[in-house]
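Visitor: I have a structure here, written as structure tokens, and I will follow up with some questions on it.
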Amino acid sequence: MKIQSLGHVVIKVRNQERAEAFYNGLLKLPIAARWPLKSMTFFTLGNHHDFAIAAVGDDAPSAPPNSPGLLHVAFRIGHLLDELREAKLYLEAAGVEVIARDHGVSKSIYCKDPDGNTVELYIDVSEVWKHQPEAVAQAAPLDL
């Protein structure tokens, strides 16, 4: 067996409509389909679905910070620093708190969805990782 690529990521949210407003409304991820039986929404970035949400109920508790699970989901938004700056300003204008990080091979902004799931939006800026894989393991503050 050889894994060829990452197929999709599904995260749990409390409220499907509120999460759709964030991922489709704010982040503009196109909706591919909804599955009412499972309270799921599937988003596409060119495949049948690349990302999905599954609603678990408005009263679902938050996972403790030290519990196992998904740390964040990341979406590449382009290749230019101006694209990252625009995304930061756009999110902040919508009232979303954003932090920026320089990862060497990429530059990122991080925010939280309505359920506290961390979302990374990033640009690739270097291919040094192809020759130095350890280059991906760094983070420093980024002034945008």
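Visitor: Go through the stretch 102-119 and count every residue that is surrounded by fewer than 18 Cβ atoms within 10 Å (Cβ to Cβ) and closer than 15 Å to Leu26 by Cα.
Guide: Number satisfying all stated conditions: 4.
Visitor: Let me ask you something else. Leu91 - would you say it is in a helix (DSSP H, G or I) and more than 28 Å from Lys130 (Cβ to Cβ)?
Guide: Yes: the conditions hold for Leu91.
The rows are residues; the columns are (1) over 16 Å from Leu142 (Cβ atoms); (2) open to solvent by 80 Å² or more (accessible area, probe 1.4 Å); (3) in contact (Cβ under 8 Å) with a residue 12 or more places away in the chain.
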| position | (1), (2), (3) |
| --- | --- |
| Pro65 | yes, yes, no |
| Asp82 | no, yes, no |
| Tyr90 | yes, yes, no |
| Gly95 | yes, no, no |
| Ala100 | no, no, yes |
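Visitor: How many of the residues in the stretch 107-128 are in a strand (DSSP E or B), in contact with a helix residue (DSSP H, G or I) (Cβ under 8 Å, 6 or more places away or on another chain) and either at pLDDT below 95 or within 16 Å of Gly78 (Cα to Cα) (or both)?
Guide: Matching residues across the stretch 107-128 total 6.
For every residue, the table says whether it meets (1) without any contact (Cβ under 8 Å) to a residue 12 or more places away in the chain; (2) touching a Lys or Arg at 6+ places or on another chain (Cβ under 6 Å); (3) part of a strand (DSSP E or B).
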site: Gly7; (1), (2), (3): no, no, no
site: Lys12; (1), (2), (3): no, no, yes
site: Glu20; (1), (2), (3): no, no, no
site: Leu29; (1), (2), (3): no, no, no
site: Gly46; (1), (2), (3): yes, no, no
site: His49; (1), (2), (3): no, no, no
site: Ala54; (1), (2), (3): no, yes, yes
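The values are calculated or read from the model by the stated rules, or taken from the named source; none is laboratory data. Every value quoted in this text rests on a predicted model; they were computed, and no experiment measured them. Cβ: placed from backbone, ideal geometry, glycine included. Neighbour counts: every protein chain shown. Ligands, DNA and RNA are stripped out before the accessible areas are found, and what is left, the full protein with its side chains, is counted by its heavy atoms. Shrake-Rupley method; radii C 1.70, N 1.55, O 1.52, S 1.80 Å.
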